[in-house]
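Comments concern the structure below.
Values in this text are rule-based calculations from the coordinates and carry no lab data. Because the structure is a prediction, the values reported are computed rather than measured. In this analysis, Cβ positions are derived from the backbone assuming ideal geometry, glycine residues included, and neighbour counts consider all displayed protein chains.
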Amino acid sequence: MAKFKIKRDDTVVIIAGNHKGSPDNPTTGRVLEVLTNESKVIVEKVNLVRRQVKPVGDRAGGTIEKESPIHISNVALWDTDAGQRIKAGWKRNDDGVKVRVNRKTGAEIGAK
């Protein structure tokens with residue numbers, strides 16, 4: 001199983017493909033799921049596809065829109081405060097726990 005620096009609930013920017021956006025207005029979204037075996041991610045409200053579903057239980061049938069996976073090489077971490085892409089690396093903090101860090105600034109990623 002591969003190790004990725006992108007995790008669930010991270011904010012990412014689409015850097016390649018049909019949903020890339022423009023340099024002035026890049027397409028960003030929250031990662032809903034990381035498919036490690038396929039090297040893909042599912043990003044909220046990006047790469048939407050329409051599917052026909054049959055009624056099951058209380059759910060009505062019809063056409064639904066859902067997110068389709070995007071290859072992990074087509075997304076990059078996004079810093080919402082600075083408004084730019086992040087390159088991530090690994091580092092051990094003072095407690096000896098392995099954490100993701102911004103390679104440019106050294107700040108921890110995802111630290112609350």
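Points to keep in mind about this one:
- For trypsin sites (Lys or Arg not before Pro), the sites in the stretch 17-51 that DSSP calls loop and that have at most 14 other Cβ atoms within 10 Å are Lys20, Lys45.
- Under a model in which nothing but the beta-carbon of Lys, Arg (+1) and Asp, Glu (-1) is charged, the chain shows a dipole of about 320 debye around its Cα centre.
- Summary: within the chain, the longest segment free of GluC sites (Glu not before Pro) located in DSSP loops with at most 16 other C-beta atoms within 10 Å is 45-112.
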